[in-house]
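The structure appears below as C-alpha cells.
The numbers here are math on the coordinates, done by the rules we state, and not lab data. Everything quoted here is computed from the prediction, not taken from an experiment. Counting neighbours? That spans all protein chains shown, and the Cβs are built from the backbone with ideal geometry, glycine included.
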Number of protein chains: 2
Amino acid sequence: MTCATGALLLSVAVAQASPWQALPEQPPIPENNPQSEAKIELGKTLYFDPRLSKNGAISCNSCHNVMAGGEDNRPNSVGVHDARGGRGAPSVWNAAFLSVQFWDGRAESLEAQAVGPITNPVEMAMDDDAAVLARLNQIPGYVELFKAVFPESDPAISMENVAKAIASYERTLITPNSPFDRYVKGEKEALNEQQVRGMETFLNTGCVACHSGANFSGPDLPMGQGFFMKFPTFAGSEYDAKYDLLSDPGRYEVTKADSDKNMWRVPTLRNVALTAPYFHNGKVANLDEAVRVMAKTQLNKDLSAEETADIVAFLNGLTGEFPVQTMPRLPPTPNTTVLPLADK
Amino acid sequence: MTCATGALLLSVAVAQASPWQALPEQPPIPENNPQSEAKIELGKTLYFDPRLSKNGAISCNSCHNVMAGGEDNRPNSVGVHDARGGRGAPSVWNAAFLSVQFWDGRAESLEAQAVGPITNPVEMAMDDDAAVLARLNQIPGYVELFKAVFPESDPAISMENVAKAIASYERTLITPNSPFDRYVKGEKEALNEQQVRGMETFLNTGCVACHSGANFSGPDLPMGQGFFMKFPTFAGSEYDAKYDLLSDPGRYEVTKADSDKNMWRVPTLRNVALTAPYFHNGKVANLDEAVRVMAKTQLNKDLSAEETADIVAFLNGLTGEFPVQTMPRLPPTPNTTVLPLADK
C-alpha cells in the first residue's frame, strides 16, 4: 500500500465514520418473523390488552405508553397489586433498533423481551405461560386472529407467536424526521444555532463514544450482541450516593460475572426529552442534571452551564415524528369475563 | 270525545309507544357545552392521560376502556395504590344518553361525573382540584390547548373546562347500528329467529318496563333527572345472599332518604354482552345468570332455560358499531416529569 493510497483510504474511512446518521424509516426485521399487516394489528391488540395481566388492569401500554414517549415518566413502573420493580421502563419507541433489550440486555430480541413482563410477578403477574395461553384461548377473537396470522402453527396461540406479534407491532414504532434527522439530510434550518452548538459539544465532550449510531445507542451490532458500558465509569463523584448509582449491579444480575458489575446497555437518546426521569433507577428528574451526571461519571468532565444547556437543546432536536395510530378493538368474550371476580 | 275519536287516539298512542327505538347517532348536547372538534380532541387527550392520577399510572381509560366495552370487565376497578371501590365501572359507551351518571345517579351530567374520579382517593387519587390544575399548568401543550378551546375562560385551565372537554369527547362515544337497530329500521334479517323470540320474551316478561327507551335505560328524562329502581324489588330470593345484593344501599348513600335504600340508576343494556361481570358489585360473571337474577328479583319470575337463552341472544343483538378512533398524543413536559419520583 503506497502512502497516497493510504491517505485516500483514510479519508474515505473518515467520511464513512461520520457520527451523524439519520434514523432509518425501517428497523432490522429478523428473518424468522417477517412483518405483515395482520400480524402487526394482532400485536397492537395484544399490546393494549390489559387481560394479559393477572387482574386485567395492566397492559404493555400501561408502562410503555405509545401515546407518550413510549414509557410512563415514572422512576419505576406500577405492576399488579401496586408492585414495583427497581428499574424504569425503557421506551418502546425505536426499541427495534436496539440489539438487546432490557436495561441489562437480558433479552436478545424484541421477541424475547415481549413476553417477559407478562409473567413477571412485579409487572403483569400472570401465573405462568399456561395461564396466559388459557386466557387467550377463551377469547374467540384471538383464536381467530392467531389462526389467520400463524396458519402454519399448531397450536396457533403460543407464547412464541404472542411474542412475534407484539414484536412486529413494536417494529412499527419508529420516530423518523426529528429536527436532527432533517438537519443531517441537509435541511440546515431544522436545528437552531444553540442546537448545532450542542451537537458539537456532544461530539467534542465525547458523549458520542457510547451514544453513537443512528439510534444514539451504540454501534449497529448483530441482534443479540449488546453494547454495554459501566455506569459510573468514573466512580467516586458526589453523584454515586446522591442518585444511588452503585446499588443495582446491572448486567451482573444476568451473567454473575464480576466484570459486568454496574454494566448497562447503552440507551437510545432518541426522544430523550420526553422520557424523564432518567437512568435505570429514574432518580434524576431533569435532563440537564442527567447530562451533567453523564459527563462527570462517564467522561470525568465538568460541563459549564452553557455547555449543558447546549447539549440539552441538541437532545431536544432528537424528538421525532410519531406516526398517527388507530386504537385496536379488543376482542370480547361475549356474556362473560375471563378476569377473576376477586383478586384481593 | 266520541268513541270513534277515542279509538283513533288510542291507536296513535299505541303506535307512538312502540318500545323499540333505534339509537340516535347523536346524544343530547347541553347548551352550555357545545361540541367542537378541538374540544373533543382535548377531551380525548385528557381521557387517556394517566398524569391525571396521583402516581401517573391510571387514566380515565384504565377503568372505562374505550378499546373494549367501555369498562374493564372487572367486578370493581383498580385505583392508585391498588385501592378498590365497591362498585363496578359503568361503560363510557353511550353514557351520553343517561340522564344521570354513576350507579347511584349522584352526578347530573357527564360534566359533573368526569372530574369525580380524578380526586377520588380510591380511583385517581389526586390530592385536590388545585393539584390537578397545577399539574396541567406544568404541561405546556395543555396550556396551549385549553386556551385555544376555551378562549373566553380566564384561566382557561379549570376543573369546569376539564369536565367540559372530557364530556364532549364522551358524547362522541356512541355505538349505533347494532343488529337490533338495523332490525328496528327495517332490516329484518339483522336479528336471527332466536333473537326476535328473545325480543318478544324481553317485552312480555316485563324487562322493558325499566330497560326502555333507545338506550334501554329508561325513559328520556331531562338531564339530571334520573330513573331509579329498587334492586332487588322482590327481596327474599336466594340471590340476595348469593350475590350480596342488599349490603350496598345504593342511592341512599347520596340522599340518606330511607325510600332510596337499594335504589339504583337503571343501567343501559347497550353492549351489555361486552360488559361482564354484572350489576353494581360485579358479583355475577355471566349474562344468562344476570338475566335470571333480574327476572326473579325485579319481576318475581322464574325464566325457563329457553327463555333465558332467547333473551341473552336478543341482548347480544344490542352490541353496536364502535367508531374507529385515533390515539391522542399526550403533550409532553420536555426534559422533566410532572410525576413524583417516589410515591411509596
*Take peptide B:76-87, look around each residue's Cβ out to 10 angstrom, count Cβ atoms belonging to other protein chains, and average those counts.*
3
*asked:* Distances in nm, one decimal, shortest first, from B:Ala130 to the same residue in every other copy, taking the label point 7 angstrom along Cα→Cβ.
replied: 5.5
*asked:* Measuring nothing but label to label, 7 Å from Cα along Cα→Cβ, what are B:Glu189's distances to the other copies in nm, shortest first?
replied: 5.9
*Can you list the residues, at least 5 places off or on another chain, whose amide H is less than 5 Å from the amide H of B:Arg84, using H built in the peptide plane?*
B:Gly79
*Nonlocal amide H pairs with A:Gly105, under 5 Å, H built at 1.01 Å*: A:Arg265
*If you take the charge dipole of the protein assembly as shown about its Cα centre, with +1 on Lys and Arg Cβ and -1 on Asp and Glu Cβ, which of B:Ile29, A:Asn161, A:Ala295 is farthest toward its positive end?*
A:Ala295
*Can you sort B:Ile118, B:Ile174 by how many other beta carbons sit within 10 Å, fewest first?*
B:Ile174, B:Ile118
*asked:* For the rotation taking B to A, I'd like to know which residue in chain B has the C-beta closest to the axis, plus that distance in Å.
replied: B:Asp82, 2
*Whole-Hz Karplus ³J(HN,Hα) for segment A:149-163, in order, using 6.51 cos²θ - 1.76 cosθ + 1.60 and θ = phi - 60°, x for Gly and Pro?*
7, 10, x, 7, 8, 9, x, 6, 8, 9, 4, 4, 6, 4, 4
*Applying the Karplus parametrisation 6.51 cos²θ - 1.76 cosθ + 1.60 with θ = phi - 60° to the phi angles of segment A:124-136, what ³J(HN,Hα) value in whole Hz is obtained for each residue in order, glycine and proline being reported as x?*
8, 6, 5, 4, 6, 4, 4, 5, 5, 5, 4, 5, 4
*Charge dipole (debye, nearest 20) of segment B:37-170; +1 at Cβ of Lys and Arg, -1 at Cβ of Asp and Glu*: 320 debye
_Scattering profile of segment A:37-170 at q = 0.15 Å⁻¹ [log10 I(q)/I(0), Debye over alpha-carbon scatterers]_ = -0.67
*Would you kindly give the portion of the calculated P(r) for chain B that falls above 32 Å, as a percent of all Cα pairs?*
35 percent
*Sort shortest first the distances from A:Glu160 to its counterpart in every other copy, using label points 7 Å along the Cα-to-beta-carbon line, and give them in nm.*
6.2
*List every residue whose amide H lies under 5 Å from the amide H of A:Val284, counting only residues 5 or more places away in sequence or on a different chain, with H placed 1.01 Å from N in the peptide plane.*
A:Tyr278
*Note, ³J(HN,Hα) from phi for segment B:193-203, Karplus 6.51, -1.76, 1.60, rounded to Hz, x at Gly and Pro*: 4, 4, 5, 5, 4, x, 4, 5, 5, 4, 6
*Can you tell me the dipole magnitude for segment B:204-344 around its Cα centre, using point charges on the Cβ only (Lys, Arg +1; Asp, Glu -1), in Debye to the nearest 20?*
440 debye
